[in-house]
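To start, the structure under review is shown below, and the notes come after it.
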Amino acid sequence: MSSNPLVLAKVIGDVIDSFSGSVKMTVAYSSNKQVFNGHELFPSWVTTKPKVEVHGGDMRSFFTLVMTDPDVPGPSDPYLREHLHWIVTDIPGTTDATFGKEVVGYEMPRPNIGIHRFVFLLFKQKRRETVRPPPSRDRFNTRKFADENELGLPVAAVFFNAQRETAARRR
């Protein structure tokens with residue numbers, strides 16, 4: 001039995017195939033809410049795009065960041081899997097996503113039914129300006145996107161859980 005949280009939460013399987021991480025990536029939302037695998041963040045905490053830092057590669061290597069929700073419309077019957085939330089390409093190694101090119105703007109998570117996984121995946125590009133955005137956010141497919149853009153398997157990934165907030169939970 002694997003202790004890898006990406007395996008346990010079926011991120012590996014539902015979203016991407018098994019990979020070995022070779023680069024460290026940190027994701028943090030404005031109120032110093034760092035994303036750790038499987039932790040819950042409230043939708044009200046993630047309304048604006050996070051700071052995503054790439055701790056690896058060098059200024060001559062470039063990365064693509066993808067944020068996706070595989071649990072649409074709900075985790076028990078995700079027949080609309082996946083919904084794309086964000087893509088940033090051409091991020092130089094050792095920098096953060098603000099140095100890249102946002103090709104699909106950040107869309108805040110709005111889970112309606114059940115607990116959703118929101119997954120950040122980092123891919124190493126073969127060269128700059130080669131990644132094309134998908135035609136739609138709906139029914140996005142991370143594997144297909146990676147394949148079409150020759151990205152291979154991710155070099156880093158992290159996910160958080162979120163569910164719809166009630167007025168009582170916001171206090």
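The values are calculated or read from the model by the stated rules, or taken from the named source; none is laboratory data. This is a predicted model, so every value here is computed, not measured. Reconstructed Cβ throughout: ideal geometry from the backbone, glycine too, with neighbour counts over all protein chains shown. Heads up: the accessible areas ignore ligands, DNA and RNA and are worked out on the full protein's heavy atoms, side chains in. Shrake-Rupley method; radii C 1.70, N 1.55, O 1.52, S 1.80 Å.
What's the total number of residues in segment 99-124 that are open to solvent by 10 Å² or more (accessible area, probe 1.4 Å) and either small (Gly, Ala, Ser) or over 13 Å from the mean Cα position of the chain (by Cα) (or both)? Spell out how you get there, then give the answer.
So in segment 99-124, the residues open to solvent by 10 Å² or more (accessible area, probe 1.4 Å) come out as 99-108, 110, 112-115, 117, 124.
Subsequent filtering for residues that are either small (Gly, Ala, Ser) or over 13 Å from the mean Cα position of the chain (by Cα) (or both) retains 99-103, 105, 110, 112-115, 124.
Of the residues in segment 99-124, 12 are open to solvent by 10 Å² or more (accessible area, probe 1.4 Å) and either small (Gly, Ala, Ser) or over 13 Å from the mean Cα position of the chain (by Cα) (or both).
Six or more apart or on different chains, Cβ under 6 Å: which pairs go from a residue in segment 131-152 that's under 16 Å from Pro70 (Cβ atoms) to one that's open to solvent by less than 100 Å² (accessible area, probe 1.4 Å) and in a helix (DSSP H, G or I)? Could you list them?
Pro134/Phe145
Tell me which residues, restricted to segment 13-33, are at pLDDT 95 or above and either open to solvent by 30 Å² or more (accessible area, probe 1.4 Å) or charged (D, E, K, R) (or both).
Selection gives Gly13, Asp14, Asp17, Ser18, Phe19, Lys24, Ala28.
Taking the residues in segment 72-85 that are touching an Asp or Glu at 6+ places or on another chain (Cβ under 8 Å) and open to solvent by 50 Å² or more (accessible area, probe 1.4 Å) as candidates, determine which candidate is farthest from Ser3 (Cα to Cα).
Per the criteria, the residue is Leu80.
Of all residues in segment 3-12 being exposed (fewer than 15 other Cβ atoms within 10 Å of the Cβ) and touching a Ser or Thr at 6+ places or on another chain (Cβ under 9 Å), which is nearest to Leu153 (Cα to Cα)?
Val7
Quick check on segment 34-46: of everything there that is out of contact with any Ser or Thr (no Cβ under 9 Å at 6 or more places or on another chain) and of a type in the set (S, T, N, Q), which residue is surrounded by the most Cβ atoms within 10 Å (Cβ to Cβ)?
Step by step, filter segment 34-46, then rank; the result is Asn37.
Would you check which residues across segment 125-171 are crowded, with 20+ Cβ neighbours inside 10 Å, among the small types (Gly, Ala, Ser) and in contact with a helix residue (DSSP H, G or I) (Cβ under 8 Å, 6 or more places away or on another chain) and list them?
Answer for segment 125-171, where residues must be crowded, with 20+ Cβ neighbours inside 10 Å, among the small types (Gly, Ala, Ser) and in contact with a helix residue (DSSP H, G or I) (Cβ under 8 Å, 6 or more places away or on another chain): Ala157, Ala162.
Looking for something closer than 27 Å to Glu148 by Cβ, open to solvent by 50 Å² or more (accessible area, probe 1.4 Å) and acidic (Asp, Glu) - is there at least one such residue anywhere in segment 50-71?
yes
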